[in-house]
Amino acid sequence: MMEFAPLKTSRTVVQTLILSGKITVNSKKIKSSYKLKIGDTVEAIFPPPDLPQIIPENIPLKILYEDEYMVVVNKQPGLVTHPTIKKTTGTLVNALMWHFNGKNFPYIVHRLDKDTSGAIVVAKNPDIQRILSEQFKERKTYKLYLAIVDGIPSQKSGEIEAPIARNPQIRTRMDVLSWGRQARTLYKSLKTFGTATLLAVRIMTGRTHQIRVHMNYMGNPVLGDKIYGKKFKVQLKCERQMLHSAVLEINHPVTQERMRFIAPLPDDFKYVLRELVKYQEGKNVQ
């Protein structure tokens, strides 16, 4: 029998959320009398908690595109996307508050993990946020990642289709589990280095840690991944997972023009690639 952490909210709040359609099972509205079955996927939209005031911070950003409706940023590794109750500073939202200089508020459309770099789009008002979010939900976007993985995959290109769910024992970890949500990842080898491989990766679904989980499931975890990775054979200064959101395509939320954004690689990613080339050539790595 599986055990779950208790939900810290009242029965009245839960019933209200069910009546308003904010709690769904298998993407369908339910009645409060519904009895859950094994394999059911429950989704809930709770009112946002009362967060402390978000303080603008002068954090340097690499802007790929900006207009009156949205901004596309090449997010640096180590930058959390949005504030939480425990962390209210040092996030992309804080940085954009400074960048907007009081003229707009950043509305998050999608997320990148703290240590994943690359292209991310942020809306400037709730209506644009809704339009862009629907594109992601309806899979009308195109996202291409670059990943350096440990070892050489058995196939140069392939597809991983395996359900992902939160690990019931380790809440910070996601795993391939039979009761999880359907997840699909495509990958193609771009270059091998003897002990590592540079992959182009596309996610056809948007599950938490999807690429990192699927690469680990395949037996080739992302280099530097502190949760799903392992000790690499080559001693590299690799402080985070080598995963980069390289290409993002969306339809402009107003004009509907198809737009393509390319995020250049950060320095640490380029360093690891250089060191892997040196190792392959039999030279000492730094």
Query raised in the report: So which residues in region 181-199 are modelled with pLDDT of 95 or more, farther than 18 Å from R139 by Cβ and small (G, A, S)?
Result: S189
Requested in this report: Count, please, the residues in region 95-132 that happen to be polar (S, T, N, Q), surrounded by 17 or more Cβ atoms within 10 Å (Cβ to Cβ) and more than 26 Å from Y228 (Cβ to Cβ).
Outcome: 2
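Answer with yes or no whether I152 is in a loop (DSSP other than H, G, I, E, B) and among the β-branched types (V, I, T).
For I152, the condition - in a loop (DSSP other than H, G, I, E, B) and among the β-branched types (V, I, T) - is met.
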Report task. For region 55-98, enumerate the residues that are over 22 Å from M242 (Cβ atoms) and charged (D, E, K, R). Result -> E57, E66, D67, E68, K86, K87
Query raised in the report: Identify, please: which residue in region 253-263 is in a loop (DSSP other than H, G, I, E, B) and surrounded by 15 or more Cβ atoms within 10 Å (Cβ to Cβ) and is, among those, farthest from the chain's Cα centre (by Cα)?
Result: P253
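Quick one: is Y187 closer than 11 Å to I211 by Cβ, surrounded by 13 or more Cβ atoms within 10 Å (Cβ to Cβ), within 16 Å of the chain's Cα centre (by Cα) and of a type outside the set (A, V, I, L, M, F, W, C)? Lay out the reasoning, then the answer.
Working: closer than 11 Å to I211 by Cβ: yes; surrounded by 13 or more Cβ atoms within 10 Å (Cβ to Cβ): yes; within 16 Å of the chain's Cα centre (by Cα): no; of a type outside the set (A, V, I, L, M, F, W, C): yes.
Spelling it out, it is not the case that Y187 is closer than 11 Å to I211 by Cβ, surrounded by 13 or more Cβ atoms within 10 Å (Cβ to Cβ), within 16 Å of the chain's Cα centre (by Cα) and of a type outside the set (A, V, I, L, M, F, W, C).
The values are calculated or read from the model by the stated rules, or taken from the named source; none is laboratory data. Note that the coordinates shown come from a computational prediction; the quantities given were computed from them, not determined experimentally. Here the Cβ is made from the backbone with ideal geometry for all residues, glycine too, and neighbour counts use every protein chain on show.
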